[in-house]
Amino acid sequence: MKVVEDFFIRKKDELGVQLNEVQLQAVRQTEGPLLLLASPGSGKTTTVIMRIGYLIEEKRINPARIKAITFSRTAANDMRERFKRFFPDVQPVDFSTIHSLAFKVVRESFRKKRTAYQIIEGDIDKEKDAFNSQQPLLHKKIILRNLFNTIVGENITDDQLDELTTYISYIKNKMLSADQYSQMNMNVPKAVQIFKEYESFKKTGAGKLLLDYDDMLVLANEMLEKDQELLHNYQQSYDYVLTDESQDTSLVQHAIIEKLVKRHQNLCVVADDDQAIYSWRGAEPSYLLNFKQVYPDANILYMEQNYRSSKEIVTVANQFIKRNKQRYDKNMFTENAADTSIQLTSLPDYQFQAKYLVRAIADSENFADVAILYRNNASSIALMNEFDRAGIPFYMKDVDNRFFSHWVVQDILNFMRMAFTDKRFDILEKIHMKFNGYISKKQMEALKRIHNHESVFDNLLQYVPLQPYQVKNLKNCKKTLKQMKDMRPKHAIHVIREQLGYEKALEKMCERLGFRREYLIGILNTLEEIADTLETLEDFANRLKYLATVLKTAKRRKGQNAVTFSTFHSAKGLEFEKVYMIDLIEGMIPSTDETKNEKEEKDMLEEAVRLFYVGMTRAKTYLELISYEARDGKKAVESQFVTAVKQIMSPNKMAIENKEVTNGKKVVRYGKKASNIQFNPNAVQDRTKLMVGNLIKHRVFGHGEIVKCDGDTIEIRFQAKMKILSITTCIEIGLLEPLT
C-alpha cells in the first residue's frame, strides 16, 4: 500500500493534483472492464492521465502496451499534451482516434493483399489546389454531387449534401442492413438509390478501391472478424485499452474495441450518458446502458463531483437532466461556493437579441471568459454582424462560410443586380422560377435566342408568346425592380419577399423539395438585420463581402481576448466564466421533430434535453437563458426547457418578475420590457457630437481619434489600428465617450 500512496503523494507534491475517493478507485482498478461515468467538470481528463501514469510508473507497464482512444483528433492532441505535462520523463502512450486505429488496420490488410485504394475525404479546397491531373478529382462530395445530378436531374444544395453525407455515415456506423436503408426519415430525393450507386462507384468506378472515413471503420471491423492472424496481432499489441468520450462512440466502433480487448478484458471506458448528443450521426448511447451485458464482470464508478460550476448551476442542471428516463441515476454535486442565480431573460422580439447581448457583454473585463451558445450555426450571423458593428472581438468555434454563398443569399443579390440592369439573361435565368413573373422554361429558351442587349422584360413582352396574366405581372416586375435601385436595402429585401413573391416561391420549393421553411425564412430575416441602417444596395453587397471576410478571420482568434460563439454541440468539453444560451424557443430547442409522441421522437427529445444540459454545464459562475416572445412577425413560445428551469428554481412561482433598476441609472428598454444593464451616463448619445478630429474613448479599444464619419459608420484610429464602427450601435449601447 505504501507504494500506491507514494505515487499519489508524489503527484500531489509535483503537480498539486489531489484525487477524490472515486477518482482514486478509477486509477487503482487497472484490471478488468471498468465503466467510468464522469459528470461535467468532474476532473475526467486528470483522472484518465493519472490512471495511465499509474499503470506505467507503479504497475511497470510498457507505455507501448497501452492504447488510448479518443473521439476526435483535437482530444487526442490535448490528452497527449496533458500527459506530457504530468509525466515529462515517461515515454509517450499511443493516443489516437478510432478512425486512426481503423486506418492502421485497413492499411496493413490491404498491404498484405496488395489492394490499391484511395481515401476520398479531407479538405476539398486543399485537394483542389494540389490537384494537377487530367483525371477527375475523386472526392466524396464531388462524387455525391455528380450522382445526385444524374439521378435526380437537379443540382444538390449544400444543405441536401450535408443531410446525404450524414445519412450515409449513419447507415455505416449503425451497421444497418440494406432493408433498413429506406426506413430512415430523409428529405433528400432518392437517397437510397444515390447511396447504392455511391457504394458501387467506389468499388468499380476508378480502377481502385475508394474509401471514405466511415468505410475505414466498417472494413476494419470486417477484417478483424475474418482475419484471425490480423486480429491476434492487434490483441497481442495492447494489454490495456482506454476509450474517452465513449457516449459518442458508434456501434461499429464499439465492435472494433470489443474485438481488441477480448483476450484480456482490460478496458476502461470513460463516458457520460447525460452528454450523449451525437446519435443523429450514428453514436449509440444505449450501449453504455447495456455495458454489463457485454462485460458482465465490469465495475461501474460514478464521478459525480463537479469542480467547475457554482452551486446554483450544478443544482439546477442536476435536477434538469433527471427529466430523462434512459440514463444512469447519477447525482451531480459540488462543494463550490454559491454565486449568481441563473438569469432568465425574455425579450419581446428576436430582433433585440443580438443588441441585448452586445450591451450585456461590452463591459466584460475579459472577453475570453464569455461564450454565447446556440442550437444552429445560422444564429451566429446576426451575432457577428452586431458585434462587429460594436467593435467587440469574437472567436467563432464553428465557422460556416456557406451562409454568404447560400442560394437564398445569392437570389437576393441577383434581384438587386436586376435593379441596376435588366438586360442580363444570365441573372434572370437564375431567378425566373422564384418570383411572380411565372416564366416557363420554354419561354426562357425562346428568350435566350434573342441577342439585342435590351431589357429581358421588354424582349419577353415583345417577342415571346405569353399568357394574358403574365403581361401585367412582368410589367409590374420591371417597374418594381427599377424602383428598387434607389431603395434602402432593408426595404428592398421586403419588396423582393412580398411584392415580387419570392417568399411564396420559397414555400412552394419547400413543399416540392423538402427544404426547411424556417431555415430559409431565417436567412431572409438575417439579411434584413444585416441591411438595417445601410443606405444603398451597394452598401449591402459590400457589407456581405466584408462579413464573409470577418467570418474567416474569426476562426483565427482562438486563444485571444474574444467572445466565443459556438453551437451547443461544439461547446462540449469547454468551460467559461459566463455563458449566454440564446434562441431558447420551441421549434429551436427542442425542435419540432423532437416534440412528437412516437418512440423515435421521444428518444430525440431526450437527446435535446442532454444538449441543453451540455450548454448549461459549460458555465462556471454565470448562466443566462435568453428567449423571446416573437420572431419573424409570429408569436414565439418559450422553450419547455426554460420553463422546466423556472420550475426547478421557483417551484411555487412559475412567473419570474422582471424588476427594473431605478437607482438613477438609465434603464435600457427593449419594447415593453426592460433590462437591468446599466448605461454609461457619459456616453455620446447625439451623433452630431461625433466629428472628424474629435478624440474619443471606446469601451473596448480605449482612446482614439475620429478620422471619418460617413452615413451610419465612423472610422476611428486606435493607436496602430483602424476600426470602422456603426454609429447607431455605438450610441445605442453607449460605447463611445468624448475626451476633453
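The values are calculated or read from the model by the stated rules, or taken from the named source; none is laboratory data. It should be emphasised that the depicted structure is a prediction, and the values quoted were computed from it without experimental measurement. Here the Cβ is made from the backbone with ideal geometry for all residues, glycine too, and neighbour counts use every protein chain on show. The area values use the complete protein model at the heavy-atom level, side chains included, leaving out ligands, DNA and RNA. Shrake-Rupley method; radii C 1.70, N 1.55, O 1.52, S 1.80 Å.
Do you know which residues across the stretch 224-263 are charged (D, E, K, R) and assigned to a helix (DSSP H, G or I)? Result: 225, 226, 229, 248, 258, 259. Here residue 286 does not fit the description of being farther than 23 Å from residue 49 by Cβ, of a type in the set (S, T, N, Q) and in contact with a Pro (Cβ under 9 Å, 6 or more places away or on another chain). Take residue 419 and decide whether it is assigned to a helix (DSSP H, G or I), in the same structural domain as residue 455 (by the TED database) and among the small types (Gly, Ala, Ser). For residue 419, the condition - assigned to a helix (DSSP H, G or I), in the same structural domain as residue 455 (by the TED database) and among the small types (Gly, Ala, Ser) - is met. The C-beta contact set for the stretch 324-347 (first residue at pLDDT below 95, second residue of a type in the set (Phe, Trp, Tyr), distance under 7 angstrom, 6+ apart or interchain) comprises 330/302; 340/622; 346/628; 347/356; 347/628; 347/670. Of all residues in the stretch 706-726, those that are open to solvent by 50 Å² or more (accessible area, probe 1.4 Å) and either within 16 Å of residue 688 (Cα to Cα) or touching a residue at least 24 places away in the same chain (Cβ under 8 Å) (or both) total 6.
Taking the stretch 9-33, which residues are open to solvent by less than 30 Å² (accessible area, probe 1.4 Å) and not polar (S, T, N, Q)? Spell out the reasoning first.
Pass one, the stretch 9-33, residues open to solvent by less than 30 Å² (accessible area, probe 1.4 Å): 11, 17, 19, 23-24, 26-27, 30, 32-33.
Correct list: 11, 17, 19, 24, 26, 27, 32, 33.
Residue count for the stretch 225-237, restricted to those that are out of contact with any Leu (no Cβ under 7 Å at 6 or more places or on another chain) and either of a type in the set (Lys, Arg) or buried (at least 19 other Cβ atoms within 10 Å of the Cβ) (or both): 1. With respect to (1) under 21 Å from residue 507 (Cβ atoms); (2) at pLDDT 90 or above; (3) open to solvent by 40 Å² or more (accessible area, probe 1.4 Å); (4) aromatic (Phe, Trp, Tyr), the lone exception for residue 438 is condition (2). For the stretch 32-43, the count of residues that are touching a residue at least 12 places away in the same chain (Cβ under 8 Å) and assigned to a helix (DSSP H, G or I) is zero.
Hey, can you tell me all the residues within the stretch 178-209 that are part of a loop (DSSP other than H, G, I, E, B) and over 30 Å from residue 111 (Cβ atoms)?
We begin by selecting, within the stretch 178-209, every residue part of a loop (DSSP other than H, G, I, E, B); these are 184-190, 205-208.
Selection gives 184, 185, 186, 187, 188, 189, 190.
The condition of being part of a helix (DSSP H, G or I) and open to solvent by 10 Å² or more (accessible area, probe 1.4 Å) holds for only one of 78, 89, that being 78. The residues of the stretch 571-592 that are assigned to a helix (DSSP H, G or I) and surrounded by 17 or more Cβ atoms within 10 Å (Cβ to Cβ) amount to a single one, 571.
From the list 470, 499, the one residue that fits, being more than 30 Å from residue 730 (Cβ to Cβ), crowded, with 19+ Cβ neighbours inside 10 Å and not basic (Lys, Arg), is 470. Within the stretch 210-223, not a single residue is open to solvent by 10 Å² or more (accessible area, probe 1.4 Å) and outside any helix (DSSP H, G or I). Among the candidates 57, 14, 21, 81, the residue that is touching a residue at least 40 places away in the same chain (Cβ under 8 Å) and of a type in the set (Asp, Glu) is uniquely 57.
Looking across 620, 646, one residue alone is in a helix (DSSP H, G or I) and either in contact with a strand residue (DSSP E or B) (Cβ under 8 Å, 6 or more places away or on another chain) or not assigned by the TED database to the domain that holds residue 273 (or both). It is 646. Here residue 460 passes the criteria (1) without any contact (Cβ under 8 Å) to a residue 24 or more places away in the chain; (2) surrounded by fewer than 16 Cβ atoms within 10 Å (Cβ to Cβ) except the one numbered (2).
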